[in-house]
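To keep things clear, I will list the structure first and then write my remarks on it.
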Amino acid sequence: MNARDLRKFFLSIVLPSILAITLFIISFYVIIIPSFEKNMMEGKKEMISELTNLAWSLVNEYYNEYRAGSIGREEAMQLAASRVGKMRYGDEKKDYFWITDMRPYMVMHPYRQELNGTDLSDYQDPQGKRLFVDAVETVSKNGEGYVDYIWQWKDDTTLIVPKLSYVKGFSRWEWIIGTGIYLEDVKQEIKILERSLFRITFIIIIVITSALLYIIRQSMIIENRRKEAENKLLLSRQKYKTLVESSTIGTLMMVENKIIYANQKFLDLTGCQRNDLGDKTIEDLFDLDWHSITDSFRDPGRSVTMETGIKSQDDNIEVILSVSKVSYNNGYSYIIVINELSRSRVIDRHSRVLQDDLQSSLLLMNQPVNRLVKDYLSCDLDYTLSEAVNLLKRKNRTALLIKQKKQIIGIVTASDFLNRAMSEGIELSSPVSSIMSAPVISVPENYLIHEAILTCRLHGISYLQVNNRQGECIGLLDYNNLLEVQQNYIAQLFSETDKAESAGDIRDIYLRMNVIIELLVRSGAKPENITRLVSSFSDKVNVRIIEMAIEKEGTAPYDFCFIAMGSQGRLEQTLCTDQDNGIIINDSLENGGAATLYFRKLGERIAADLNTVGYKYCRGNYMASNPQWIKSLKEWKEQFSSWINNSDPQSILDINIFFDFRAIYGKSHLADELRIHLNKSTDRKAVFFYNLSQEIIRFKSPVGVFGNILGEQELPDSNMVNIKKLLMPVTGFARLYALRALVSETNTLNRFERLRNSEDMPDNLIDEITEAYDILMGARLRSQVNSLVKGEAPTNTLDINQLTNIEQTTIRKVLTLISDLVTKVRLDFKGTI
């Protein structure tokens, strides 16, 4: 290892390890030991408090006997004092209790009996403190409390030491009951503990140092081996490249549109059985016909390639066919090699189409505004408000230009009548000039559409006057019409979804929408806006899929509501999403029979078509295709109540998915009634919220001892982190507090906004959580987009090594905040009923 590598190795491994050990030693003496001392003292104080309460309870028993008439008052007091005087505790059984009254007179002291019955008002400890007067003041003020003073060591009258006592008043007899601890005992215990901790720390340091030396040695060995392996890899690169290129691919041999050979890879791709191939033609397997292949060969010596799709696969795999024409048995055969079209190629193709569409949109945005100009309506300045309103209603317009001597001097819009005339109480007989805006912003007819949008935004107006080259007004521009042009492409995709006739058609739209999402992510759009767009599109797809399913299965026999749960229910879907849905049926549904069978078939068809589009089947089977999640409203209410009352681990898992439900299609009042039932069932259910909070409390931050972010797998070099799991405490935190506050919102950020400035959620905490959520969701979306670009399926995992130092630091700060949220949950939900 050269000097440069040694220096890098020292700075990256050795120095941080030494600093960590040093910080551990410092923290041990500065934080851990003082914390132990504090906790031990608090424990002792709590002990004497509990012991005093015990003695108090004993005295109260004798008081109750007196009240019951079993014994007299004086006898009860004597028996109580005698009984307390005999009570001992501690290792040597020499620690005791004493009793005074509020004058103060000593009622009972087991070791200083000469004080019994004496006035203690002037009694002082060696430092001049009137301890018994202090005890009276403490009880008078608070009913109980702590008093520190100097006193004899247990039954040894020759030894005077510091002592801390806990006193509690027994108001019925005007007594004060007390006991205490000797601070010397506590200090001695602390010294013993410190010596034990020091020995343990010394052993830990030796172990860590030994491990560090071993790691340094092993790291140097590994580094040398890595260098050697890199050199060998360079020499064998060409060899590995050849091996990859010769890997097995799908191969098919056909004669006269009949299959005579197919390898196993082809069978795997198409999902066919070998015995079934004899009867199949090229049209049965691919989205092309036999003549399109044979007619492609103008030169038999050259192979041809073509893109198509495999028909027999639910996933609609797109492939590239490489076809060669060879001599066979006095004729010709065709050898077809099938290569699965990589996801990146599919994305590239849609990107090119999208690029053309966006360029078209861009060209449209750079067109002059005269294409969007509408004729204007005008009136004279002396018109009254009443006359102006009637004119707008009669002509069905929303804007009116005001003229004076045939010159345009102002404008009045429908919103002016609402926001000015109505709110300010201006009489309808008033002149139109009383609410007129002036001057009117005008633009030339060759003004570009995007310039007009910017002008409207700059001046905060809804209409622009358009003039011809001679400066004459030719009409008005409506800002809403301009926005429709700007938002045209996404709206077009939504419109195409409404008109789609098959799941395959919607899949093509789905892929184009993914390209839109990729562009939005790369342009730095807010993660919240992106996930809302993805979820809104998903809702649109769900609705169209359900409509097509009903067209095939027939009209539903009962009213129902299709609900989405999980990320779709929260409007937080990303590019890596599966199905979480169910069906609520009107309570008039009867168990069994044709109706139940109808909804089962409907659910199965919806789930299958959504899977075809790209919304994969849920691994946990939380889908409408599972009869378990097709229920009447009554059954759903019973299911929710069962989860709430049981709160076992499986119930909590189901709650985290189902309680974020949202109506997608059908009778939404069924979902509303279920939400009302949910809120009523969870209201003030402390045990339920305690159990729900445990899922958040169990979160373990992936930040290591040295501040590095650890991968999920139990491997030393693991660097993959599941961003979805990091977001779960945040979404769970929002769900927990929203349910407790009876907030019906399902979106995480909307839940936080509804909770803002409540007792549990100060404004600054909401801002920090929102920022943390955006950071994690943004990293998740960028990671998924990068996977798409590489031709890989998007996942929720993030490679930490691909992040910059600044990004890693930001993620660590976010994880620190999440740990603080976990601590807040632990404090707010202690299981108290």
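Observations
- In the stretch 421-453, residue modelled with the lowest pLDDT [restricted to those that are part of a helix (DSSP H, G or I) and open to solvent by less than 40 Å² (accessible area, probe 1.4 Å)]: A421
- Verdict on E37 being out of contact with any Leu (no Cβ under 6 Å at 6 or more places or on another chain), loosely packed, with under 11 Cβ neighbours inside 10 Å, touching a residue at least 24 places away in the same chain (Cβ under 8 Å) and over 30 Å from N224 (Cα atoms): no
- Applying the condition of being farther than 25 Å from E753 by Cα and of a type in the set (D, E, K, R) to the stretch 765-801 and asking which residue is modelled with the highest pLDDT yields R782.
- The condition of being in a helix (DSSP H, G or I), free of Cβ contacts under 8 Å to residues at least 40 places away in the same chain, open to solvent by less than 30 Å² (accessible area, probe 1.4 Å) and over 30 Å from S462 (Cβ atoms) holds for I509.
- Within the stretch 82-104, considering residues that are crowded, with 17+ Cβ neighbours inside 10 Å and among the hydroxyl-bearing types (S, T, Y), the one nearest to the chain's Cα centre (by Cα): Y96
- Scanning the stretch 540-570 for residues that are closer than 16 Å to S502 by Cα and charged (D, E, K, R) yields K540, R544, E547, E551, K552, E553.
- Residue check, I664 aliphatic (A, V, I, L, M), closer than 22 Å to A734 by Cβ and open to solvent by less than 20 Å² (accessible area, probe 1.4 Å): no
- Taking (1) surrounded by fewer than 16 Cβ atoms within 10 Å (Cβ to Cβ); (2) touching a strand residue (DSSP E or B) at 6+ places or on another chain (Cβ under 8 Å) in turn, P16 satisfies each apart from (2).
- Candidates are the residues of the stretch 372-388 that are assigned to a loop (DSSP other than H, G, I, E, B) and touching a residue at least 40 places away in the same chain (Cβ under 8 Å); the one that is nearest to P439 (Cα to Cα) is L381.
- Residue match in the stretch 322-338 (condition: under 30 Å from V515 (Cα atoms), modelled with pLDDT of 80 or more and under 43 Å from the mean Cα position of the chain (by Cα)): yes
- Yes/no for T797 being touching a residue at least 60 places away in the same chain (Cβ under 8 Å), in contact with a Ser or Thr (Cβ under 9 Å, 6 or more places away or on another chain), open to solvent by 10 Å² or more (accessible area, probe 1.4 Å) and polar (S, T, N, Q): yes
- Listed by position, the strands (runs of 3 or more DSSP E) contained in the stretch 101-172 that have at least 2 residues being in contact with a Leu (Cβ under 8 Å, 6 or more places away or on another chain) and not polar (S, T, N, Q) are 144-153, 156-170.
- Within the stretch 395-420, the set of residues being more than 19 Å from D478 (Cβ to Cβ) and either over 46 Å from the mean Cα position of the chain (by Cα) or at pLDDT 90 or above (or both) comprises K403, Q404, K405, K406, Q407, I409.
- All positions within the stretch 389-410 that are open to solvent by 40 Å² or more (accessible area, probe 1.4 Å) and either hydrophobic (A, V, I, L, M, F, W, C) or not in a strand (DSSP E or B) (or both): V389, N390, K393, R394, K395, N396, R397, T398, K405, K406, I408, I409
- For the stretch 564-594, the set of residues classified as assigned to a strand (DSSP E or B), more than 25 Å from P527 (Cβ to Cβ) and either open to solvent by 10 Å² or more (accessible area, probe 1.4 Å) or in contact with a Leu (Cβ under 9 Å, 6 or more places away or on another chain) (or both) consists of I583, I584, I585, listed by residue number.
- Residue under evaluation E518, criteria (1) touching a Phe, Trp or Tyr at 6+ places or on another chain (Cβ under 7 Å); (2) in a helix (DSSP H, G or I), criterion not met: (1)
- Taken together, M77, M47 contain a single residue that is open to solvent by 60 Å² or more (accessible area, probe 1.4 Å), of a type in the set (A, V, I, L, M, F, W, C) and out of contact with any Leu (no Cβ under 6 Å at 6 or more places or on another chain), which is M47.
- Selection count, the stretch 524-563, where residues are within 20 Å of Y773 (Cβ to Cβ) and either within 17 Å of the chain's Cα centre (by Cα) or open to solvent by 10 Å² or more (accessible area, probe 1.4 Å) (or both): 13
- Residue within the stretch 633-647 that is among the basic types (K, R) and farther than 20 Å from I584 by Cβ present: no
- Of the residues making up the stretch 105-158, those that are touching a residue at least 60 places away in the same chain (Cβ under 8 Å), open to solvent by less than 50 Å² (accessible area, probe 1.4 Å) and over 60 Å from the mean Cα position of the chain (by Cα) number 1.
- Selected residue [part of a helix (DSSP H, G or I) and either at pLDDT 80 or above or among the hydrophobic types (A, V, I, L, M, F, W, C) (or both)] from I203, I181: I203
- Screening the candidates I644, I606 for the property of being modelled with pLDDT of 95 or more, open to solvent by less than 10 Å² (accessible area, probe 1.4 Å) and in a helix (DSSP H, G or I) yields one hit, I606.
- On inspection, K790 passes the criterion of being over 17 Å from the mean Cα position of the chain (by Cα), of a type in the set (K, R) and open to solvent by 60 Å² or more (accessible area, probe 1.4 Å).
The values are calculated or read from the model by the stated rules, or taken from the named source; none is laboratory data. Only a predicted model underlies this, so the values are computations on that prediction, with no experimental measurement involved. A quick note on method: Cβ atoms are made from the backbone with ideal geometry, for glycine too, and the neighbour counts reach across all protein chains shown. The accessibility values were calculated without ligands, DNA or RNA, using every heavy atom of the protein model including side chains. Shrake-Rupley method; radii C 1.70, N 1.55, O 1.52, S 1.80 Å.
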